[in-house]
1. Return yes or no: is Ile132 of a type in the set (A, V, I, L, M, F, W, C), under 15 Å from the mean Cα position of the chain (by Cα) and closer than 29 Å to Cys216 by Cβ?
2. Can you give me the number of residues within the range 73-117 that are in a strand (DSSP E or B) and more than 27 Å from Glu201 (Cβ to Cβ)?
3. Taking the range 56-115 as the search range and keeping residues that are within 16 Å of the ligand (Cβ to nearest atom), among the aliphatic types (A, V, I, L, M) and in contact (Cβ under 8 Å) with a residue 40 or more places away in the chain, which one is nearest to Cys157 (Cα to Cα)?
4. Of Glu201, Glu166, Glu179, which residue is of a type in the set (D, E, K, R), within 26 Å of Tyr305 (Cα to Cα) and within 16 Å of the ligand (Cβ to nearest atom)?
5. Report whether or not Val220 is aliphatic (A, V, I, L, M), crowded, with 23+ Cβ neighbours inside 10 Å and in a strand (DSSP E or B).
6. Would you mind finding the one in Ala248, Ala213 that is among the hydrophobic types (A, V, I, L, M, F, W, C), surrounded by 19 or more Cβ atoms within 10 Å (Cβ to Cβ), over 18 Å from the mean Cα position of the chain (by Cα) and within 16 Å of the ligand (Cβ to nearest atom)?
7. Look at the range 165-189 and say how many of its residues are touching a Phe, Trp or Tyr at 6+ places or on another chain (Cβ under 7 Å), crowded, with 17+ Cβ neighbours inside 10 Å and not charged (D, E, K, R).
8. Taking into account only those residues within the range 43-55 that are in contact (Cβ under 8 Å) with a residue 12 or more places away in the chain and not in a loop (DSSP other than H, G, I, E, B), which is surrounded by the most Cβ atoms within 10 Å (Cβ to Cβ)?
Amino acid sequence: MFDIHERKRPEMGMGGRRGGGGGGGGGMMGGCYIYDENQRPNDTLVTPDVTFRRSIYMNGSMTMDDGNTVTIWGFNDGGGGMMMGGPFPSPAMRVTQGQIVHTQLSVPMCCAHTIHHHGIEPGWESDGVGHISWDVSGTTYTYQWRPMHPGTYFYHCHTNTVLHAEMGMYGALIVDPPEGVGTLYSGGPTYDMEAFWVVDEIDSFWHTLGWTAGTCGADVGLNDLNPDYFIITGVDGARSAMNAPGIATTMQVGQKLLARYICAGYHPQRIHFGGLTGTIHISDGRVLPRPVQVTELRAHSGERYDIIFEPDTPGEYIISCEIRHWVTGEVLGTARTRITVE
Ligand SMILES: [Cu+2]
């Protein structure tokens, strides 16, 4: 009988680790990409309120709790060429509702990438979906956007997306209301502290592929995601996320914690709050008509939830993020963190 987990990895072909997958141009300018960013109408850029600069790295690494390291790609804060490693997740973008924002993405000639501001609705020339507009390579491109709804979003590369997002090319994007940090939305609840739960799975085999892998008809196994690590906000959820700053939280009775949750993986996720009840106020960047109280949450790829916890009983509450196989529903792994209430 066919076992869905029995994977047959395709041969890597001549490319090996870099530029592997064949058919994609051997790691340089692959023929299946569109580089004509000069298609942008010249009169569409206006003076921004905020500018972010992002360069790329493709030589980062993450050390797991078992001592193994996995190659990570991502964005660095600042322009210029390729850097040696960088933060994972990529540096957050934090803006105020209504601001006009520019994201200037610099990519060297080695490769192609984009930035897609997930959940934001910019003009077509700023959407950053490589395959239907263009990829950025050997230049700096400006994305212009204006967030009109507060909440939790994220940005990610949208070139060869299945692979590049898995490699780590994403970061949080937070939209605050005019009242600023501490208020979820105008007229909405306040909060005293924030936790960032960006839950993702890693298939370490995928992290050996080159940037063009799987494009131009090559089959390198990107239909077959068999994760061996389960992470929260760039930290191994096996043990390290239990005490990682910004993920794990210690709070007092009477305080309000805002958990900004992003489903950054591809398999569905199910989060148990360990006995706590959370109140969802915003889903995918839209305020709910009525807040919803939950003790667990199910989510799929790209979803975000803004959840406020206001615990009234001291204790340690384990937040368990199960990653479940998208066909069988089997629990593939669990990433854990905690909320400690004093
Ligand atoms: Cu990319």
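Values quoted throughout were computed directly from the atomic coordinates according to the rules given, and no laboratory measurement underlies them. From a predicted model like this one, the values you see are computed outputs, not experimental measurements. Backbone-built Cβ (ideal geometry, glycine too); neighbour counts: all protein chains shown.
1. So Ile132 fails the test.
2. Number of matching residues: 6.
3. Only one residue tops the list, namely Ile115.
4. Of Glu201, Glu166, Glu179, the one residue that is of a type in the set (D, E, K, R), within 26 Å of Tyr305 (Cα to Cα) and within 16 Å of the ligand (Cβ to nearest atom) is Glu166.
5. So Val220 does not fit the description; no.
6. Ala213
7. Qualifying residue count for the region: 10.
8. Arg54
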